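Participant: So that we are looking at the same thing, I have put the structure below in structure tokens.
The values are calculated or read from the model by the stated rules, or taken from the named source; none is laboratory data. Not measured: the values here are computed from a predicted model. Using ideal geometry, Cβ is built from the backbone for each residue, glycine included, and neighbour counts are taken over all protein chains shown. These accessible areas exclude ligands, DNA and RNA; they are computed on the full protein's heavy atoms, side chains included. Shrake-Rupley method; radii C 1.70, N 1.55, O 1.52, S 1.80 Å.
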Amino acid sequence: MHATRSLADRIKAVRERIARAEIRYGRAPGSVQLVAVSKTVAVETIANACRECGQTRFGENYLQEALPKITAALLQECALEWHFIGPLQSNKTQGVAAHFSWVHSVDRLGIAQRLSAQRPPHLPPLNICIQVNISREPGKSGVDLDHLAELATAVAALPQLRLRGLMAIPAPCHEFEQQRLPFHALREAYEYLRSQGVALDTLSMGMSEDFEAAIAEGATLVRIGRGVFGDRG
Ligand SMILES: *Cc1c(COP(=O)(O)O)cnc(C)c1O
């Protein structure tokens, strides 16, 4: 997109777009937080995002790629908050439970039970978003809307987890009003669960191509990779 711009310029531009969208859609200033998606991004670049721009929230998709970054000496002074956003297999839950603060991609109870059991007791509860297959795409990650309430209730009862909200990755679409529809549906599911007494405060929705539509529909966390770091090589 803007490969020649500096990292600091891109982060500033993304933050300005978030702030403008908050104003345009009647959202409270500062109510939308940026998770910078750093898959394929080098540790040095993550360190620069932190030092030059104060960026502290980062998202990673793969445990094997994330672990050396999370434990890198260069990043220890930064006090970063790591968000696991990729598909999660049961053989990866232990590493995720030990090294991340958030998991956005829980879509079945077995995974949540493992994360709770494996969360080290000296750490605060792991923050969880349930991923919803909001566009009802066959074979895609995410729980069906029909089974969401049951899963949310069960996850909320697990001791070492703190259920925070919902996450979705809608089918790609380029028209703004069309982009809003699945985000609106996720927001309705979120409001429904809250009306049923499930304490939620997070809607993780919106990526580089659609985050303004997500903010219009109530996103509180946007997960942006290419918009922050440039196109992945
Ligand atoms: C890669 C990824 C993102 C960021 O995508 P961009 O298009 O680079 O902004 C957000 N969420 C998830 C789950 C991802 O895998």
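Participant: Please compute the volume of the convex hull spanned by the alpha-carbon atoms of the range 132-233 and report it per residue in Å³. Numbers along the way, then the final one.
Facilitator: On the way: hull volume 12.7 nm³, N = 102.
So the per-residue hull volume is 124 Å³.
Participant: Another one. If eta is 0.692 mPa s and T is 37 °C, what Stokes-Einstein diffusion coefficient results for the range 1-55, Kirkwood Rh from Cα pairs, in µm²/s? Could the numbers behind the result be given before it?
Facilitator: Values: Rh = 12.4 Å.
Rounded to a whole number, D works out at 266 µm²/s.
Participant: Let me ask you something else. Please compute the per residue accessible area over the range 79-233 with all protein chains in place, 1.4 Å probe, rounded to a whole number of Å².
Facilitator: On the way: 6800 Å² over 155 residues.
Value returned for the range 79-233: 44 Å² of accessible area per residue.
Participant: Next question, about the same structure. What FRET efficiency comes out for Q178 versus L74 if R0 is 45 angstrom and r is the Cβ-Cβ distance? Round to the nearest 0.05.
Facilitator: Details: r = 42 Å, r/R0 = 0.93.
Given R0 = 45 Å and the Cβ-Cβ separation, E is 0.60.
Participant: Probe 1.4 Å, all protein chains in place: accessible area of C173 in Å², nearest 10?
Facilitator: 40
Participant: Give, rounded to the nearest 20 debye, the magnitude of the charge dipole that the chain has about its Cα centre when Lys and Arg contribute +1 at Cβ and Asp and Glu contribute -1 at Cβ.
Facilitator: Details: 26 positive and 24 negative charges, 83 e Å.
The calculation lands at about 400 debye.
Participant: Hey, another quick one. In whole percent, and with a 1.4 Å probe on the protein chains, what portion of the accessible area of the range 2-229 is carbon and sulfur? Please list the in-between numbers first.
Facilitator: On the way: 5380 of 10470 Å².
Whole-percent figure for carbon plus sulfur exposure: 51.
Participant: Cβ under 11 Å from H184's Cβ, H184 left aside: what net charge do those residues give with Lys, Arg +1 and Asp, Glu -1?
Facilitator: Every neighbour counted, the sum reads -2.
Participant: Next up: Which helices count as membrane-span-like in the chain under these terms: full DSSP H, at least 24 Å along the axis by C-alpha, Kyte-Doolittle mean of -1.0 or more? Show your work: numbers first, answer last.
Facilitator: Details: long enough: 7-24 (26 Å, -0.46); 176-195 (28 Å, -0.93).
Membrane-span-like by this rule: 7-24, 176-195.
Participant: Along each of the three principal axes of the Cα atoms of the chain, give the extent in whole Å, ordering the values from largest to smallest.
Facilitator: Here the spans come out as 47, 42, 32 Å, largest first.
Participant: Taking the Cα atoms of the range 13-130, what is the range of coordinates along each of the three principal axes, in descending order and whole Å?
Facilitator: Its Cα atoms span 41, 34, 26 Å along the three principal axes.
Participant: Can you give the net charge of the other residues whose Cβ lies under 15 Å from the Cβ of I134, counting K and R as +1 and D and E as -1? Show your work: numbers first, answer last.
Facilitator: Values: positive: R136, K140, R180, R187, R223; negative: D107, E137, D144, D146, E188, E191, D210, E217.
Spelling it out: positives minus negatives among the neighbours equals -3.
Participant: A follow-up question, please. Check the cysteines of the chain one by one and keep only those with no other cysteine Cβ under 4.7 Å from their own.
Facilitator: C53, C129, C173, each lacking another Cys Cβ under 4.7 Å.
Participant: To the nearest Å, what is the center-to-center distance of the range 158-233 and the range 6-82, using C-alpha atoms only?
Facilitator: Taking the Cα centre of each part, the range 158-233 and the range 6-82 sit 17 Å apart.
Participant: Quick check for the chain: number of Lys pairs with alpha-carbon distance under 22 Å, counting only pairs 8 or more apart or on different chains? Show your work: numbers first, answer last.
Facilitator: On the way: K12/K39; K39/K69; K39/K92; K39/K140; K69/K92; K92/K140.
Count of close lysine pairs: 6.
Participant: Have a look at L186, I111, L74 and report the one farthest towards the positive end of the charge dipole of the chain, computed about the Cα centre with Cβ charges (Lys/Arg +1, Asp/Glu -1).
Facilitator: Farthest along the dipole direction, towards plus: L74.
Participant: Right, next: Multiplying the sequence separation of A171 and K12 by 0.36 nm and subtracting their Cα-Cα distance, what value in nm do you get?
Facilitator: Numbers: separation 159, 0.36 × 159 = 57.24 nm, distance 2.74 nm.
Taking 0.36 nm per residue and subtracting the Cα distance, the gain is 54.5 nm.
Participant: Assign unit charges at the C-beta atoms only (+1 for Lys and Arg, -1 for Asp and Glu), then state the dipole size of the range 21-111 relative to its Cα centre in Debye, rounded to the nearest 20. Don't jump to the answer; show the numbers that get you there.
Facilitator: Numbers: 8 positive and 8 negative charges, 48 e Å.
Roughly 220 debye for the range 21-111.
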